[in-house]
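Everything on this sheet refers to the single structure shown next.
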Amino acid sequence: MDADQIQQAKVLKDAGMYFEAAQFYQKIIRSNPTDKSARLGYAQCLIKQGLKEKLNSLLEKAKKILFELIEDDYGFFAAHDELIFLHHHLNQLGNLSKFYNEKLRLFPQREIYRQCIKKISTVSLLAIPTENKKESWGMSFFMRLFIHFVIVSVSVIFVLSLTVKKFRSLVFPSALFIFLFIGWSVFRFLAKPKKRDKW
């Protein structure tokens, strides 16, 4: 294993130069086909490049390499993590869960399979799309801003109508508007369904 080449490949990968890093990793793999770090780095480059350029062929190749790494060394945590990450992006966590459940059935003493199933469950829960919540009152930001402006304006008119004789005729309409707005707000608040904890 050439530590300098591994380091160069890692620097290129970290810099986002996945194609160049993959070439370095391939060179290492040709000279030492059993080098787990190089094979994992190569798979990581394929994943990053595949996601960046939306090339499923690279992602499938990376998946194959990761499965081979796990078959060679079932305790290679980094390969399991990359496999879960990749399946998450491919929306194939269900298939991976079946794979690990089958492995756990065949090898019940291997705790790593149980851990991977837990990770898949966690990732699946985090990946559930949330409801598209409406803005408060079901209005856009600009509509709410306009309503706030109107409320402030009416409040100023109400105060002016109490103090300036010229605006006395606006006391009743502005007070009525404020009263109706407060009533509407209270009604909306009380009519809103209460959130309940599903757990």
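The values are calculated or read from the model by the stated rules, or taken from the named source; none is laboratory data. As the structure is a prediction and not an experimental result, all values here were calculated from the model. All Cβ positions, even for glycine, are placed from backbone atoms using ideal geometry, and neighbour counts span all protein chains on display.
Quick check: is even one residue across the stretch 102-109 exposed (fewer than 10 other Cβ atoms within 10 Å of the Cβ), at pLDDT 80 or above and outside any helix (DSSP H, G or I)? Yes, some residue in the stretch 102-109 is exposed (fewer than 10 other Cβ atoms within 10 Å of the Cβ), at pLDDT 80 or above and outside any helix (DSSP H, G or I).
Pick out, from the stretch 1-86, the helices (runs of 4 or more DSSP H) lying fully within it that include 1 or more residues that are of a type in the set (D, E), closer than 21 Å to C116 by Cα and touching a residue at least 24 places away in the same chain (Cβ under 8 Å).
Values: elements: 3-14, 18-31, 36-53, 56-72.
Here the list reads 56-72.
For the stretch 36-52, taking the residues that are over 13 Å from L66 (Cα atoms) and either basic (K, R) or more than 28 Å from the chain's Cα centre (by Cα) (or both), the one that is modelled with the highest pLDDT is identified as K48. Selection of the stretch 51-74 for residues being touching a Lys or Arg at 6+ places or on another chain (Cβ under 8 Å) and not hydrophobic (A, V, I, L, M, F, W, C) yields E68, D72, D73, Y74.
Taking first residues from the stretch 96-109 that are of a type in the set (D, E, K, R) and partners that are in a helix (DSSP H, G or I), the Cβ contacts under 6 Å between residues at least 6 apart in sequence or on separate chains come to K103/Y113. Scanning the stretch 74-101 for residues that are exposed (fewer than 15 other Cβ atoms within 10 Å of the Cβ), more than 16 Å from the chain's Cα centre (by Cα) and within 21 Å of Q49 (Cα to Cα) yields one hit, D81.
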